[in-house]
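Engineer: Please read through the structure below; I'll follow up with questions.
The values are calculated or read from the model by the stated rules, or taken from the named source; none is laboratory data. Owing to the predicted nature of the structure, the values given are computational and were not obtained by experimental measurement. Glycine also receives a Cβ, built like all others from the backbone with ideal geometry; neighbour counts cover every protein chain displayed.
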Amino acid sequence: MSSIKNEMKLEFLSKSSNESFARIAVAAFASQLDPTIEEIADIKTAVSEAVTNSIIHGYSDTDGIVKVIARLTDDEIEIEISDTGIGIENIEEAKAPLFTTKSNLERSGMGFTIMENFMDNLKVESISGLGTKITMKKKIKSHERINSKYIEIK
(Lines give C-alpha, C1' and ligand atoms only; values in the text may rest on other atoms or scores of the structure.)
Protein backbone atom coordinates (compact mmCIF):
# COMPACT_ATOMS: atom_id res chain seq x y z
CA MET A 1 0.00 0.00 0.00
CA SER A 2 1.23 3.47 -0.88
CA SER A 3 1.93 5.99 1.82
CA ILE A 4 -0.46 8.85 2.54
CA LYS A 5 0.29 11.91 0.41
CA ASN A 6 -2.39 14.21 1.79
CA GLU A 7 -5.21 14.21 4.33
CA MET A 8 -8.18 16.39 5.24
CA LYS A 9 -10.70 16.36 8.08
CA LEU A 10 -14.16 17.90 8.26
CA GLU A 11 -16.69 18.09 11.06
CA PHE A 12 -20.19 19.50 10.72
CA LEU A 13 -23.63 19.39 12.34
CA SER A 14 -25.92 16.59 11.23
CA LYS A 15 -28.11 18.82 9.10
CA SER A 16 -29.28 17.73 5.65
CA SER A 17 -28.05 21.03 4.20
CA ASN A 18 -24.46 19.92 5.01
CA GLU A 19 -24.64 16.79 2.85
CA SER A 20 -23.86 18.73 -0.35
CA PHE A 21 -21.02 20.57 1.43
CA ALA A 22 -19.39 17.25 2.38
CA ARG A 23 -19.85 15.84 -1.13
CA ILE A 24 -18.29 18.89 -2.81
CA ALA A 25 -15.44 19.18 -0.28
CA VAL A 26 -14.41 15.54 -0.74
CA ALA A 27 -14.71 15.83 -4.54
CA ALA A 28 -12.51 18.94 -4.54
CA PHE A 29 -9.95 17.16 -2.35
CA ALA A 30 -10.02 14.06 -4.61
CA SER A 31 -9.38 16.25 -7.67
CA GLN A 32 -5.69 16.30 -6.69
CA LEU A 33 -5.51 12.76 -8.12
CA ASP A 34 -6.84 13.98 -11.49
CA PRO A 35 -9.82 11.63 -11.59
CA THR A 36 -12.20 11.34 -14.51
CA ILE A 37 -15.61 13.00 -14.32
CA GLU A 38 -17.11 9.53 -13.80
CA GLU A 39 -14.74 8.78 -10.90
CA ILE A 40 -15.62 12.11 -9.25
CA ALA A 41 -19.34 11.41 -9.72
CA ASP A 42 -18.90 7.97 -8.08
CA ILE A 43 -17.07 9.51 -5.09
CA LYS A 44 -19.67 12.28 -4.69
CA THR A 45 -22.54 9.78 -4.81
CA ALA A 46 -20.95 7.46 -2.24
CA VAL A 47 -20.16 10.36 0.11
CA SER A 48 -23.74 11.63 -0.23
CA GLU A 49 -25.14 8.23 0.73
CA ALA A 50 -22.82 7.80 3.73
CA VAL A 51 -23.39 11.32 5.08
CA THR A 52 -27.15 11.02 4.55
CA ASN A 53 -27.13 7.73 6.49
CA SER A 54 -25.37 9.44 9.42
CA ILE A 55 -27.84 12.32 9.41
CA ILE A 56 -31.09 10.40 8.82
CA HIS A 57 -30.36 7.12 10.60
CA GLY A 58 -27.49 7.84 12.99
CA TYR A 59 -28.92 10.95 14.55
CA SER A 60 -32.57 10.67 13.50
CA ASP A 61 -34.22 13.80 14.92
CA THR A 62 -31.31 14.98 17.08
CA ASP A 63 -28.27 17.11 16.33
CA GLY A 64 -24.86 15.52 16.32
CA ILE A 65 -21.51 15.77 14.59
CA VAL A 66 -20.63 14.00 11.35
CA LYS A 67 -16.91 13.55 10.77
CA VAL A 68 -15.29 13.09 7.37
CA ILE A 69 -11.64 12.16 6.90
CA ALA A 70 -10.20 11.74 3.41
CA ARG A 71 -6.72 10.46 2.64
CA LEU A 72 -4.90 10.40 -0.69
CA THR A 73 -2.15 8.07 -1.81
CA ASP A 74 -0.57 8.07 -5.26
CA ASP A 75 -3.65 6.57 -6.92
CA GLU A 76 -6.36 6.03 -4.30
CA ILE A 77 -8.71 7.96 -2.06
CA GLU A 78 -9.86 6.59 1.28
CA ILE A 79 -12.87 8.24 2.90
CA GLU A 80 -14.03 7.72 6.48
CA ILE A 81 -17.44 9.03 7.49
CA SER A 82 -18.40 8.59 11.13
CA ASP A 83 -20.99 9.61 13.67
CA THR A 84 -21.68 9.02 17.34
CA GLY A 85 -25.35 8.31 16.74
CA ILE A 86 -27.50 5.30 17.55
CA GLY A 87 -25.37 2.80 15.63
CA ILE A 88 -26.51 -0.16 13.57
CA GLU A 89 -27.80 -3.23 15.38
CA ASN A 90 -27.36 -5.65 12.47
CA ILE A 91 -24.90 -4.47 9.79
CA GLU A 92 -25.60 -7.35 7.39
CA GLU A 93 -29.34 -6.66 7.53
CA ALA A 94 -28.73 -2.92 7.05
CA LYS A 95 -26.55 -3.62 3.99
CA ALA A 96 -29.25 -5.73 2.32
CA PRO A 97 -30.77 -4.02 -0.73
CA LEU A 98 -34.11 -2.33 -0.01
CA PHE A 99 -33.77 -2.63 3.80
CA THR A 100 -34.69 0.60 5.56
CA THR A 101 -35.73 1.61 9.04
CA LYS A 102 -37.20 4.86 7.68
CA SER A 103 -39.84 3.76 5.16
CA ASN A 104 -42.03 6.60 6.45
CA LEU A 105 -39.45 9.02 4.97
CA GLU A 106 -39.56 7.24 1.61
CA ARG A 107 -35.99 5.96 2.01
CA SER A 108 -35.13 3.38 -0.68
CA GLY A 109 -32.84 1.23 1.44
CA MET A 110 -30.17 1.26 -1.29
CA GLY A 111 -27.51 3.44 0.40
CA PHE A 112 -25.00 0.68 1.22
CA THR A 113 -25.62 -1.02 -2.14
CA ILE A 114 -24.86 2.26 -3.93
CA MET A 115 -21.69 2.79 -1.87
CA GLU A 116 -20.53 -0.77 -2.66
CA ASN A 117 -21.17 -0.32 -6.38
CA PHE A 118 -19.52 3.10 -6.72
CA MET A 119 -16.43 2.43 -4.58
CA ASP A 120 -13.83 -0.36 -4.74
CA ASN A 121 -14.01 -1.21 -1.05
CA LEU A 122 -16.57 -0.58 1.70
CA LYS A 123 -16.17 -1.37 5.40
CA VAL A 124 -18.91 -0.70 7.93
CA GLU A 125 -18.16 -0.68 11.66
CA SER A 126 -20.86 0.08 14.20
CA ILE A 127 -21.67 -0.34 17.86
CA SER A 128 -25.29 0.02 18.87
CA GLY A 129 -25.66 3.17 20.95
CA LEU A 130 -22.16 4.49 20.15
CA GLY A 131 -22.13 5.22 16.43
CA THR A 132 -20.99 4.10 13.01
CA LYS A 133 -17.88 4.46 10.87
CA ILE A 134 -17.93 3.83 7.14
CA THR A 135 -14.61 3.50 5.33
CA MET A 136 -14.61 3.57 1.53
CA LYS A 137 -11.74 3.33 -0.93
CA LYS A 138 -11.55 4.07 -4.63
CA LYS A 139 -8.57 3.60 -6.88
CA ILE A 140 -8.26 6.41 -9.40
CA LYS A 141 -7.67 4.61 -12.67
CA SER A 142 -7.03 7.74 -14.74
CA HIS A 143 -3.37 7.50 -13.63
CA GLU A 144 -3.05 4.11 -15.34
CA ARG A 145 -4.45 5.52 -18.58
CA ILE A 146 -2.22 8.60 -18.45
CA ASN A 147 0.90 6.57 -17.70
CA SER A 148 0.18 4.09 -20.47
CA LYS A 149 -0.32 6.92 -22.97
CA TYR A 150 3.06 8.38 -22.06
CA ILE A 151 4.64 5.00 -22.60
CA GLU A 152 2.95 4.62 -25.99
CA ILE A 153 4.04 8.08 -27.14
CA LYS A 154 7.70 7.43 -26.36
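Engineer: Is it the case that region 42-50 has a residue that's surrounded by fewer than 17 Cβ atoms within 10 Å (Cβ to Cβ) and of a type outside the set (S, T, N, Q)?
Structural biologist: No, there is no match, as no residue in region 42-50 is surrounded by fewer than 17 Cβ atoms within 10 Å (Cβ to Cβ) and of a type outside the set (S, T, N, Q).
Engineer: Among the residues of region 43-64 satisfying the criterion of being in contact with a Ser or Thr (Cβ under 7 Å, 6 or more places away or on another chain) and closer than 15 Å to S17 by Cα, which is modelled with the highest pLDDT?
Structural biologist: G64
Engineer: Next question, about the same structure. Residues that are in contact with a strand residue (DSSP E or B) (Cβ under 7 Å, 6 or more places away or on another chain), within 22 Å of A94 (Cα to Cα), crowded, with 18+ Cβ neighbours inside 10 Å and not hydrophobic (A, V, I, L, M, F, W, C): does region 3-21 have at least one?
Structural biologist: Yes, there is a match, as at least one residue in region 3-21 is in contact with a strand residue (DSSP E or B) (Cβ under 7 Å, 6 or more places away or on another chain), within 22 Å of A94 (Cα to Cα), crowded, with 18+ Cβ neighbours inside 10 Å and not hydrophobic (A, V, I, L, M, F, W, C).
Engineer: Something else about it: Scan region 50-65 for residues that are among the β-branched types (V, I, T) and in contact with an Asp or Glu (Cβ under 6 Å, 6 or more places away or on another chain) and jot them down.
Structural biologist: V51, T52, I65
Engineer: Report, by residue number, each residue of region 49-67 that is part of a helix (DSSP H, G or I) and either of a type in the set (A, V, I, L, M) or within 8 Å of D83 (Cα to Cα) (or both).
Structural biologist: Matches in region 49-67: A50, V51, S54, I55, I56, G58.
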